[in-house]
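Before any comments, here is the structure.
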Amino acid sequence: MSNDDQYSHLTRLIAALDAERDALVREDAALRAMSVPQRVAAGAALSPLDIVTTEHRSRSRVNVLLRGKNLHDGFSPGEPVILGPVGRPDGGVHGRFEGGDDVTVELRVEVAPEGKGPWAVVRRLDLSLLEAQKGALQRAMLKASPLRALLLGHEAPYKPDPLEHPALSGLDPAQRRAAEIALGATEIGLLHGPPGTGKTQTLAAMLVALVDLGERPWALADSNAAVDQLALRASAAGLDVVRLGVSARVGSAALPLTLEHRILNGPRAAVLQTLRRDRTRAGPDTIREVDDAIREEWQAAKREILTNAQVIAMTLASVQTRGADLPNPRTAIIDEASQVQEPSIWLVAGRVKRLILAGDPQQLGPVVKSQHPALERSLLSRLVDAGFQFPMLTTQYRMCQAINDAVSPTYEGHLIAHASVADRVIEALAPPWTDTPIRFLDTAGMGFEEEREDSGSLHNPGELDFITRILGELAAGGIALDRVAVVTPYSAQLARIRERHPNVESGTVNAFQGREKDVILASFVRSNAAQELGFVHDPRRLNVTISRARKLFIGVGDAGTLGVSKPMQELIDRAANGGGYISGWELA
């Protein structure tokens, strides 16, 4: 790639970010044009709410607890929001969503809200990450490095000399080979981790090796769940790991690794507790002095913990917000790299000498509002296509043999089930849910047509009734429903599943990527005379859907519509050949 081509690629990415920004601004404008009840119906607002408490916390934080009725779960912890009166919701105070349930909402806001309710919490447009990505790309145009030359194709891919290390000795042969090749690369190492193949375990062993070699690497991913898993694995391997990020977005198991938890339970905790007590007694003339003392003590504790940390774990978005005060590492390991928009990785590329990217291009790629091709194609996929070595983990430890056989063709037959899981079976259930691990319930001809919401998302009431019946039969057969998850491609169908079955875990296919359950129950939704599938046609989405199941996969859908997709028809045929095909008329 010539220098002009290098600039062209970076310029294309900047133009793609501009298109993404425009799409987000249009979406925000459309939401602002809606009334508050309309926004609530669209999952973009919570209202009406009453303020229960307003609490001033350390570091000038203000937390607000609000109460309402029948609140939806359309907001994620850390999401930017505005808290304002129902009559002018967009003119309120800025903050972030901390958490909530069906009756309460907790926010972290910049200043305490003033005025009378009722109140509304509405989604807020935050373009800071886009601006940071754009800045990273602009800096990459000016700063040459061996890593940049390889990323842009100025230097050809090379074959690294594998690096052997005792920390890798506990891995299986494919894991060890892939880790050695990735660690042997001086600038770019890649690792292919299909579902259930122990990718996180392999990356944790690589982190141990890097620390032993004198490095203090970063462990990164796009999602908080993936960062949590990698941080916990590395910690269990004996490393001193600090998990950076918004505490509300960190899983409970990883909370002891967070910077905030370690400060509040570390050597300076008693001093901080005393200062906080002093603050409650301080008058208007001394409260600023106490706040300054709290801030100084907090910063001192933070510096001590980060100075001693062997691994820093955070999301890629946190590199922008939390990484400014961190020294640059030599190596950054990025998990789920196939799901990351390329500009996010340039946030890191300008600060490190080596990137190790792990992921699976056969699963879902980046989520892009503008559908710009430069953002929909991950950097990992681009590097694989350019000829970088991409060793694959080939033994999976999740799926039974039949489910493995349904997924393995996606990986050219190289994926095999380990002996410890190959013979997994779900406990005996009444027919028709026994005998085979792959079931497909065909609703063709039953009039279960898909329906479209004003938001554009689809749902299928007939399928929902069958989902309810299947869950009932699984429970009656002795399967605890905490071992079951319901997945669907569409948020409108998901909302109805959660409303009817709040105690059963459920999610969109995108959101459930990286998760697993003994039983996966999939509602495919699409049923129309034109045989239109939309994004359900994407074989990667089907691969993710099936590979979440350990022991039993049950698909519900209209074979007449779905069958226009070759991978979907192969799934239906596989179910039929194994005795797992069921006509909806049999149940009706």
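Quick notes
- Residue list for region 328-370, given a label point 7 angstrom along the Cα-to-Cβ vector of Ala253 and an amide N cut-off under 19 Å: 335-336
- For region 518-559, the equivalent ellipsoid derived from the alpha-carbon gyration tensor has semi-axes of 21, 12, 5 Å in decreasing order.
- Partners for Lys69 among aspartates and glutamates (Cα-Cα distance below 20 Å; same-chain residues under 8 apart left out): Asp50, Glu98, Asp101, Asp102, Glu106, Glu499
- (i) 100, 57, 42; (ii) 77, 64, 49; (iii) 85, 75, 41, with the label sought being that of the calculated Cα extents along the principal axes in Å: (ii)
- Each part reduced to its alpha carbon centroid, region 309-332 and region 65-109 end up 29 Å apart.
- Per-atom-type breakdown for the chain gives carbon and sulfur 50% of the accessible area (1.4 Å probe, protein chains only).
- Taking region 160-243 and dividing mean pair separation by its residue count, relative contact order in percent (alpha carbons under 8 Å, at least six apart): 25
- Region 375-458: trypsin sites (Lys or Arg not before Pro) in DSSP loop, at most 14 other beta carbons within 10 Å: none
- Segment Arg515-Asp22, extension gain: residue separation times 0.36 nm, minus the distance between their alpha carbons: 174.3 nm
- In the context of the full set of protein chains, region 229-371 has a per residue accessible area of 45 Å² (1.4 Å probe).
- Computed on the chain, with alpha-carbon pairs under 8 angstrom and 6+ residues apart, the relative contact order is 12 percent.
- Spin-label model distance (nm) - Ala530 vs Asp465, 7 Å beyond Cα toward Cβ: 2.6
- Entries in Lys302/Lys369; Lys134/Lys199; Lys199/Lys369; Lys369/Lys551 that, when Cα-Cα distance is taken, lie over 32 Å: Lys302/Lys369; Lys369/Lys551
- Cα convex hull, region 172-294: 151 Å³ per residue, rounded to a whole number.
- In whole percents, the pair-distance distribution calculated for region 9-168 from its alpha-carbon pairs, binned every 10 Å from zero, is 10, 29, 22, 16, 14, 9, 1.
- Each peptide in 260-268, 278-286 was scored by the mean count of other Cβ atoms within 10 Å over its residues; highest first, the order is 260-268, 278-286.
- Kyte-Doolittle at least 1.0, axis length at least 15 Å by Cα - qualifying DSSP helices, the chain: 199-212
- Computed on region 290-403, the Cα convex hull volume stands at 189 Å³ per residue.
- Average Cα contact separation per residue, region 365-462, under 8 Å, 6 or more apart, as relative contact order %: 17
- Excluding same-chain neighbours fewer than eight residues apart, the lysines reachable from Lys159 by a Cα-Cα span under 20 Å are Lys353.
The values are calculated or read from the model by the stated rules, or taken from the named source; none is laboratory data. This is a predicted model, so every value here is computed, not measured. Every residue, glycine among them, receives a Cβ derived from its backbone with ideal geometry; neighbour counts consider all protein chains shown. The protein model used for the area step is the full one, side chains on, heavy atoms only, and it has no ligands, DNA or RNA in it. Shrake-Rupley method; radii C 1.70, N 1.55, O 1.52, S 1.80 Å.
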